[in-house]
Amino acid sequence: MAEAGAAPPQADAPAENKDAKSGVASILDDKDGNLSKLAQMVLGKNGGDRLFYFPSRDQPYTPEKYGYKFEDVTFKSADGTELHGWFMPAKVGAKKAKATVVFSHGNAGSVAHHLGFVDWLVRANYNVLLYDYRAFGRSKGSITRKGVIEDVQAAFDYIVTRKDVNPDKLVSFSHSLGGAKSVTAIGMKPIKGLRAVIVDGGFASYRDMAREKAGELGANLTTDEFSAIDYVEKLTPVPLLIVHGEKDTMVPISQGEKLFAKAKHPKTFFRVKNGRHTDALGCNHGEYRKKMLAWLDKALAQK
């Protein structure tokens with residue numbers, strides 16, 4: 001068993017193929033809209049959703065490999081889909097934890113590939129629930145936009161049933177796609193006991209992101225249904241922290257800024273110099289991890 005504190009890898013969507021994009025630029029621009037209309041007939045109004053999900057059933061290791069205790073857990077989403085996750089107790093023990101973090105990961109891989117986003121929180125004495133959406137990892141079912149949002153809600157419904165978790169000290173932490181999903185999920189269904197919401201590298205609008213990756217064709221193949229920008233105002237009075245790297249080429253920092261502008265107070269924005277999509281909190285010698293922990297202490301101290 002490795003010593004706790006070893007750094008597990010982190011994952012997200014495959015890098016954008018810029019050559020391929022430029023090679024079909026005239027098609028993706030779809031100025032007359034005819035290609036979009038044809039594609040919508042074949043794929044449906046949210047046919048472009050495949051731009052957002054890269055699920056993997058692969059789970060090559062568990063937290064034990066890196067020296068962490070964990071428990072395999074399963075729970076059901078609103079439609080009965082069985083979901084799988086890992087519950088990782090705080091270093092001091094689950095019942096003595098500062099709070100419990102529910103982590104909603106990005107758009108690729110499985111829980112194993114996202115362990116590096118949260119293992120440090122265990123060492124900082126937070127419990128962590130790291131779970132897979134439907135069709136990811138060992139979770140069952142197939143992907144739908146609404147279904148994944150319900151999966152986020154189901155994770156919170158599950159965590160408060162545990163006797164070793166304080167239901168009045170919950171934290172939502174999310175990355176990338178998980179940020180878009182968690183903001184919407186919480187905005188639709190407020191969570192009792194939620195003390196803080198943290199979004200790392202999240203995006204405000206599905207259509208904005210589809211346009212970023214696949215031009216007007218991509219934008220026309222999806223909708224902004226359930227986009228975070230329409231729900232972020234509903235998070236108040238829960239404190240919101242948005243973290244975004246200045247060098248994020250996957251989700252432009254403008255998306256984080258757009259979400260922040262729409263949110264109501266209390267809200268905080270960490271603009272991370274040199275931060276990329278998967279390392280904003282970890283870069284600069286973990287400077288922003290320390291800032292996030294200090295921010296969490298203040299959020300949890302509020303009544």
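Scanning for something basic (Lys, Arg) and at pLDDT below 65, does segment 69-91 turn up at least one residue? No, the conditions are met nowhere in segment 69-91.
Within segment 67-179, considering only strands (runs of 3 or more DSSP E) that don't extend past its boundaries, which have at least 2 residues that are of a type outside the set (A, V, I, L, M, F, W, C), in contact with a Ser or Thr (Cβ under 8 Å, 6 or more places away or on another chain) and closer than 24 Å to residue 203 by Cβ?
So the answer is 170-175.
Picking from residues in segment 94-125 that are without any contact (Cβ under 8 Å) to a residue 60 or more places away in the chain and under 21 Å from residue 197 (Cβ atoms), the one that is surrounded by the most Cβ atoms within 10 Å (Cβ to Cβ) is 121. Scanning segment 84-93 for residues being buried (at least 22 other Cβ atoms within 10 Å of the Cβ) and within 11 Å of residue 137 (Cβ to Cβ) gives a total of 2. A single member of 121, 115 is in contact with a Pro (Cβ under 7 Å, 6 or more places away or on another chain), of a type outside the set (Asp, Glu) and over 11 Å from residue 56 (Cβ atoms), and it is 115.
Restricting attention to segment 126-144, and to residues there that are touching a helix residue (DSSP H, G or I) at 6+ places or on another chain (Cβ under 6 Å) and under 18 Å from residue 78 (Cα atoms), which single residue is surrounded by the fewest Cβ atoms within 10 Å (Cβ to Cβ)?
Here is the first cut: in segment 126-144, the ones touching a helix residue (DSSP H, G or I) at 6+ places or on another chain (Cβ under 6 Å) are 127-134, 137.
Checking which are under 18 Å from residue 78 (Cα atoms) leaves us with 131-134.
Details: 131: 28, 132: 26, 133: 29, 134: 22.
Out of the qualifying residues, it is 134.
Output the residue which, of all residues in segment 169-179 that are among the hydrophobic types (A, V, I, L, M, F, W, C) and within 17 Å of residue 267 (Cβ to Cβ), is farthest from the chain's Cα centre (by Cα).
Residue satisfying both the conditions and the ranking: 171.
Residues considered: 225, 216. Of these, the only one that is touching a Ser or Thr at 6+ places or on another chain (Cβ under 8 Å) and either farther than 26 Å from residue 115 by Cα or of a type in the set (Val, Ile, Thr) (or both) is 216.
The values are calculated or read from the model by the stated rules, or taken from the named source; none is laboratory data. Everything quoted here is computed from the prediction, not taken from an experiment. Note that each Cβ is placed from the backbone with ideal geometry, even for glycine, and that neighbours are counted across all protein chains shown.
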